[in-house]
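The values are calculated or read from the model by the stated rules, or taken from the named source; none is laboratory data. Owing to the predicted nature of the structure, the values given are computational and were not obtained by experimental measurement. Neighbour counts are summed over all protein chains in view; Cβ atoms, including those assigned to glycine, are modelled from backbone coordinates with ideal geometry. All accessible areas refer to the heavy atoms of the entire protein, side chains included, with ligands and DNA or RNA removed. Shrake-Rupley method; radii C 1.70, N 1.55, O 1.52, S 1.80 Å.
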4 protein chains.
Amino acid sequence: MTAPVEADIGRLVVSCTDGPGIVARVSAFLHGRGANIVQSDQFSTGPVGGRFFLRTEFHLPGLAKALPDLERDFASQVARTVGGTFQLRDAAEAPRVVLFVSRYDHCLLDLLWRARRGELPMTVVQVVSNHPDLAADVAGFGVPFAHVPVTRDTKPVAEQRELELLAGRVDLVVLARYMQVLSADFLDRVGVPVINIHHSFLPAFAGAGPYERAKQRGVKLIGATAHYATEDLDEGPIIEQDVVRVSHRAGVAELTRAGADIERAVLARAVRWHCEDRVLVDGRTTVVF
Amino acid sequence: MTAPVEADIGRLVVSCTDGPGIVARVSAFLHGRGANIVQSDQFSTGPVGGRFFLRTEFHLPGLAKALPDLERDFASQVARTVGGTFQLRDAAEAPRVVLFVSRYDHCLLDLLWRARRGELPMTVVQVVSNHPDLAADVAGFGVPFAHVPVTRDTKPVAEQRELELLAGRVDLVVLARYMQVLSADFLDRVGVPVINIHHSFLPAFAGAGPYERAKQRGVKLIGATAHYATEDLDEGPIIEQDVVRVSHRAGVAELTRAGADIERAVLARAVRWHCEDRVLVDGRTTVVF
Amino acid sequence: MTAPVEADIGRLVVSCTDGPGIVARVSAFLHGRGANIVQSDQFSTGPVGGRFFLRTEFHLPGLAKALPDLERDFASQVARTVGGTFQLRDAAEAPRVVLFVSRYDHCLLDLLWRARRGELPMTVVQVVSNHPDLAADVAGFGVPFAHVPVTRDTKPVAEQRELELLAGRVDLVVLARYMQVLSADFLDRVGVPVINIHHSFLPAFAGAGPYERAKQRGVKLIGATAHYATEDLDEGPIIEQDVVRVSHRAGVAELTRAGADIERAVLARAVRWHCEDRVLVDGRTTVVF
Amino acid sequence: MTAPVEADIGRLVVSCTDGPGIVARVSAFLHGRGANIVQSDQFSTGPVGGRFFLRTEFHLPGLAKALPDLERDFASQVARTVGGTFQLRDAAEAPRVVLFVSRYDHCLLDLLWRARRGELPMTVVQVVSNHPDLAADVAGFGVPFAHVPVTRDTKPVAEQRELELLAGRVDLVVLARYMQVLSADFLDRVGVPVINIHHSFLPAFAGAGPYERAKQRGVKLIGATAHYATEDLDEGPIIEQDVVRVSHRAGVAELTRAGADIERAVLARAVRWHCEDRVLVDGRTTVVF
């Protein structure tokens, strides 16, 4: 399942220390190579010595062929001077994504459906689940489904099996309501970003049972948070959040039901933005262009 | 400053243990007294043995005169049977409100302005501040302003002075960004509900510096929470909450500015609902009809 | 596909001219029959001579068996006095629903998915489409799919065929992005409510091409409207509406994509509320409890 | 009343036909003059032959002194090549604004209050009203108030008087619920942009009585629209819109009250964005950076 994208559109993402002339240097480089800037966003935490972030979309006929040279020359002619890190990508090369899920289907089905209708520029190469329940639904989308059961004792073995499934064929892992905590070792070895959806408006109700605790506390809005998974549970950089109004009439079941709509919407936006190279990590937070 | 209200509209609020026939008993009582139910809301946490909450607005010609008898008869004929607590009020009798404020003017001015234009069914009888800054603004609304400075040492004396200012002439205290923590003793002795506005989406960022901490955590929405003040700081029953979207571009100053709009809107709604007898406390939470 | 519901819960809906004592009469009747009111909402457009609307949910052991007698007695003992119309339903009897669709899948799949997971108290008995495209998707949900092609010339025949498909086995028709205008004759003969989703915030952009016109006009929010279908296209009573923010960057394709999320959310809410007997028609508008 | 702004921040706004190298040319020019780009936004309706819009904020020590030369050189070195129009401004030079109002105070007071607390980078030089009602409120903010009555017969004379009041001392006119229609002649002669707030979600309910018509149509959301005033009433380019949810319980008075909150919020955002040079007109629509 791959979404169609425009041809000859490249994306350049830069993170570095701010200083004078970065935009001028980058735009001169692109102009000199025949690229026309279609859209450009930048952000600085402070003009002198702050952190600088740039995302530029450009049109360059023959991009796919030109990309290796472009990358090499940008590294030597621009990046060497401005420092930091950069990434150059062909927008037509959709990231390869593996979805992890347990039993709740709402986030998984929404991502698969959006990918199928061309809303998410990604290729779903695999679904991994610690339960067999959703196999048939996934089959309907023509995506391979791997059932990898996890118990406390088998977790290291299970994670090893998961890493083997992913090896060399994945650019992003999405935890679409995967109810197992991934080990620090897994996160370390997987080598690609991992996006998780948490069913509360973090930092409120981190940890287990957020809807139960939301009910007890009597909050008037419930929310969901998509963030990059890190070793520290529910502490990774937040990509997107949203909330929905609830009343005293809603019990935990109703909160869970209402929350599912927010969870799938928030996760879909976070995954889309990531796949469009819009999300840049800035320490514990993110810049979203 | 008092808002006009319709004549002959009464409000009955009941909190009790649920059981069969409560609505039938209440509506039969009101109908028997010539009252016509204009609006009625009820909520039960469980049909047998749960907590039951009722708010009824009724029209009764000659209400003001009839109210004492109505109250006595409801107590003996209905409340004795269904148990719990009840309150009968003439909607034309606006609650007397005292506003506490420090230096930020946005919540205070918004409440005074809404009261003046008849949006809030309350009479503001006094503004109390630990700073003199807002005296002129308050004078413009024709409301008495008392400057009661507070330091760590003088706090007991200051609170004593505040209690004397309030004694016998207040139905509600509103902390409109009052930056002093009221003592448990004050809350105990004041004898009327106290509504506070906290500048975060509780339980996230309870305590001091919520916007600073929101920036550090990189949340994508900031919020405000109006709640009844209790001994446990920022832990009282929540009346209303709302949020607004922010981006990575917003620094702490911009969060503070954007948050002020949410704070004043949330507090105004909470105060209005309280003054309209819509808010019933249910343990640590509220029912808002 | 049927959603589970609680047993022994009945719903009474009343629309009549307002006057004193209606609530008392209704609640006394229910109490006298052993029913306990679980929730009750009412609304009046004016205490004397206005229109009065009531929705009461009650718990009555053995409801299914008692319903015919209850209905007969309510008609003779209450409805005869208060006038107007009423409806008594067993909440366990899910309405039978037929979904009409053309080629866009988002509204249809969302309704089928919500019904399957028990979020919508309805039984989908049939999907009707003027295109064959979505047959496989519908089959995956185990719902019969009928392809009824429609051209300008065959429309009367097609509508006749549709009416035969529906005859005697449907309580509600939902147009889930069905791109044919149903004739006044069809609406007349179908004999059950028809809910439509229009892809704009009505009354803005009624008629064809709403996203194109929204782009031309440069609106900053786009919306969707669920309403009962009537002879006057896009003029029927509105059940629910919502909007989403868009920027100048969004072209028509992006508006269409963003709008799809709002369309499916708005339609799902409208259908749920209808199936829960929460929507009462009041002339050209609705009361939604 | 002037808001403080950062020193040495300049803003460059460009509207032209799109073509290759515009960003490179602009950023090279600024870099060559010692300016550091702080933020930059651009938008194109199409890479070849589309309309191109750019807004750049830059830091340049000694800006105020350098501005005339900068402007002249940009015109000859860049604008001559890329065509279109441009504007270079010192962010410290707050636009001079005249507010028009009739009797409703909510938009006026909110703008004055936001200007006083430094939220709006503008200098309010005059309030003009066709009614004397708000004179005292305006005086409290230290802003001159001119009462210019308008009747059908005196309208040309009144508009002449208004134009004289404004002549040479205004950069923006804001109609903060000014209930007179300004003539095409006035709009032509005033020579600066005029922002109006309309109390509906345009294009729904253009013209008079929008809340009455919203009630009749039974919409579930009401809104407000800030737009540039043009000859065609309620047809000018939209700058900002927002909505708030309402229920069947809200009568016209309640819609009006709830709408006031949206009106003042929408107008304040539109005025702020305009004063920050974020709003670029694109035919009948706007680009808002």
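The table for this structure:
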item: Neighbouring partner chain Cβ atoms per residue of A:210-216, average, 10 Å criterion; result: 1
item: Within the accessible area of chain B (1.4 Å probe), percent carbon and sulfur; result: 53 percent
item: For the stretch D:147-288, fraction of C-alpha pairs farther apart than 28 Å, in %; result: 23 percent
item: Calculated label separations, B:PRO61, copies of the chain, 7 Å along the beta-carbon direction, nm; result: 4.5, 8.4, 8.8
item: Probe 1.4 Å, protein heavy atoms only - accessible area per residue of the stretch A:2-111 in square angstrom; result: 41 Å²
item: Beta bridges per DSSP with both ends in chain C, % antiparallel, nearest 5; result: 70 percent
item: Förster radius 60 Å - calculated FRET efficiency between D:VAL48 and B:ARG117, Cβ distance, rounded to 0.05; result: 0.65
item: Calculated FRET efficiency for the pair A:LEU165/A:ALA64, C-beta based, R₀ 22 Å, to 0.05; result: 0.15
item: Taking the stretch C:9-90 and dividing mean pair separation by its residue count, relative contact order in percent (alpha carbons under 8 Å, at least six apart); result: 46 percent
item: Relative contact order (percent, whole number), the stretch D:160-233, Cα cutoff 8 Å, 6+ residue spacing; result: 34 percent
item: Modelled label reach - C:ALA92, point 7 Å along Cα→Cβ, the stretch C:17-58 residues with backbone N closer than 15 Å; result: C:58
item: For residues of A:25-34, the mean tally of beta carbons on other chains within 10 Å; result: 4
item: Contact order normalised by residue count of chain C, Cα under 8 Å, 6+ apart, percent; result: 17 percent
item: Accessible area buried at the A-D interface, both sides summed, 1.4 Å probe (Å², nearest 100); result: 1400 Å²
item: Shortest-first nm distances, C:GLU235 label point to equivalent points in other copies (7 Å, Cα→Cβ); result: 2.4, 6.1, 6.3
item: For B:ARG33, distant residues with modelled amide H under 5 Å away; result: none
item: Which of D:TRP273, D:ALA91, D:LEU255, positive extreme of dipole for chain D (C-beta unit charges); result: D:LEU255
item: Candidates B:VAL127, B:VAL143, B:VAL48: whichever shows maximal mean-square fluctuation once chain B is modelled as a Gaussian network with Cα springs under 10 Å; result: B:VAL48
item: Nitroxide proxy distance, nm - points 7 Å out along Cα→Cβ at B:GLU231 and A:ASP153; result: 4.9 nm
item: ³J(HN,Hα) computed for each position of the stretch B:190-203 - Karplus, 6.51 cos²θ - 1.76 cosθ + 1.60, integer Hz, glycine/proline x; result: 5, x, 9, x, 10, 9, 10, 10, 10, 8, 7, 7, 4, x
item: Greater than 32 Å apart at Cα, pairs in C:LYS215/D:LYS65; A:LYS220/C:LYS220; C:LYS220/D:LYS65; B:LYS220/D:LYS220; B:LYS65/D:LYS220; result: C:LYS215/D:LYS65; C:LYS220/D:LYS65; B:LYS65/D:LYS220
item: Karplus 3J(HN,Hα) series, Hz, for the stretch C:100-112 with 6.51 cos²θ - 1.76 cosθ + 1.60 (x for Gly, Pro); result: 9, 8, 10, 10, 5, 9, 5, 6, 4, 5, 5, 5, 5
item: Charge sum, other residues only, whose C-beta stays under 14 Å from C:ALA139's C-beta, Lys/Arg counted +1 and Asp/Glu -1; result: -3
item: Percent breakdown of C-alpha pair distances by 10 Å bin, ordered from the shortest bin, for the stretch A:63-206; result: 10, 34, 30, 18, 8, 0
item: Position B:GLY283, label points 7 Å along Cα→Cβ, spacing to each other copy in nm (shortest first, one decimal); result: 4.0, 4.5, 6.0
item: Those residues of the stretch A:254-289 for which accessible area with every protein chain present is at least 20 Å² below the isolated value (1.4 Å probe); result: A:ARG257, A:ASP261, A:ARG264, A:ARG272, A:ARG284, A:THR285, A:THR286, A:VAL288
item: Residues whose placed amide H lies under 5 Å from that of A:ILE239, excluding near-sequence neighbours; result: A:ALA226, A:HIS227, A:TYR228
item: Closest approach to the D/C rotation axis among chain D Cβ atoms, residue and whole-Å value; result: D:ALA204, 2
item: Percent of Cα-Cα distances greater than 36 Å, calculated over chain B; result: 22 percent
item: Considering only the stretch B:160-289, percent of DSSP beta bridges that pair antiparallel, nearest 5; result: 85 percent
item: GNM result for chain C, Cα springs below 10 Å: residue of C:THR230, C:THR123, C:THR85 fluctuating most strongly; result: C:THR85
item: Backbone HN-Hα couplings from phi across the stretch B:49-63 [Karplus 6.51/-1.76/1.60, Hz, Gly and Pro as x]; result: x, x, 8, 10, 10, 9, 9, 10, 9, 9, 9, 9, x, x, 4
item: Listed residues B:VAL13, B:VAL148, B:VAL38, most fluctuating in chain B (Gaussian network, C-alpha, under 10 Å); result: B:VAL38
item: Under 5 Å, built H, 5+ apart or other chain: amide partners of D:PHE100; result: D:VAL128, D:VAL174, D:LEU175, D:ALA176
item: Estimated [θ] at 222 nm from DSSP helical runs (n ≥ 4, -39500 (n - 2.57)) normalised by residues in the protein assembly as shown, nearest 500; result: -9500 deg cm²/dmol
item: Unit charges on C-beta of K, R, D, E only; dipole of the stretch D:9-90, Debye; result: 80 debye
item: Peptides ranked, highest mean first, by Cβ atoms within 10 Å: ranges A:98-104, C:191-197; result: A:98-104, C:191-197
item: Net charge over other residues, Cβ less than 11 angstrom from the Cβ of C:ILE222 (K, R count +1; D, E count -1); result: +2
